[in-house]
Amino acid sequence: MPARATASTPPKAVKPSPRERLLQAASELFYAEGVQSVGIDRVIERAGVAKASLYSTFGSKEQLVCAYLDARHAKTLGRLRKAADAVEDPVERLLAVFDAQAQLFGAPDFHGCAFTAAATEAPAGGRVDEAAESYRRDIRALFTELAADAGAPDPALLASQLQLIYDGGWLAARMDHDPAIAAPERAAAAALITAATAPRPK
């Protein structure tokens, strides 16, 4: 019968699986240096697993890249939805998406939008391209949902406009190395939302 943990003998930490270690290593390296610049051997070395583990788990580097993007997709959408759900005012819920994005601009490991970078390096129409498109569709769907809740007469149009600002925020913060770009980005989004949701004269 296994011994129970006591106050003096805490339970042992569960060691991450090879899949978890590979994904963590891929996330760190691909985001920092690019999916094409980082070879499989570096991911394997960082993860501390055998090469056979990578191929038995993911099958190929492309599938590993897609798994990395899928994990980032879920994490990012989760962060944005959590930020929107933390406030009640419909307009502030839209702006909360930009606030959540802005929190990343000043991070030491900030390198811009992972999906834009990966799609730029990958062949058009491939699985990596599809993963990036899936992320963008979900971002647009989130903006559309929140725009409808805010009373926009054309939620899809406002969502498309807000996504342009959102995309530009990633690019400007990365290229200009200026986290403060979040303030004018938010102001532009707020002005657009106000104009789109203002009562129309009868």
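Coordinate-derived values only; no laboratory data. Just so we're clear, the structure is a prediction, and the values are computed from it rather than from any experiment. We place every Cβ from the backbone using ideal geometry, glycine too, and count neighbours over all the protein chains shown.
Miscellaneous remarks
- The chain: most fluctuating residue of LEU23, LEU69, LEU157 per GNM, C-alpha cutoff 10 Å: LEU157
- Taking the Cα centre of the chain as origin and assigning +1 to Lys and Arg Cβ atoms and -1 to Asp and Glu Cβ atoms, the resulting dipole is close to 740 debye.
- Comparing ASP99, ASP154, ASP70 in a Gaussian network model of the chain, where Cα atoms under 10 Å apart are tied by springs, the biggest mean-square fluctuation is seen for ASP154.
- Backbone phi angles across the range 63-74, fed through the Karplus curve with coefficients 6.51, -1.76 and 1.60 (θ = phi - 60°), yield HN-Hα couplings of 5, 5, 4, 5, 5, 4, 5, 5, 5, 5, 4, 4 Hz in residue order; Gly and Pro are listed as x.
- Among the listed options (1) 46, 37, 36; (2) 58, 46, 32; (3) 75, 50, 28, the one matching Cα extents along the principal axes in Å as calculated from these coordinates is (3).
- FRET efficiency, 1/(1 + (r/R0)^6) with R0 22 Å, evaluated for LYS75 and GLU133 via beta carbons: 0.80
- In terms of surrounding Cβ atoms within a 10 Å radius of their Cβ, LYS51, LYS61 rank from fewest to most as LYS51, LYS61.
- Of LYS15/LYS82; LYS15/LYS51; LYS61/LYS82, pairs whose Cα-Cα distance is over 27 Å: LYS15/LYS82; LYS61/LYS82
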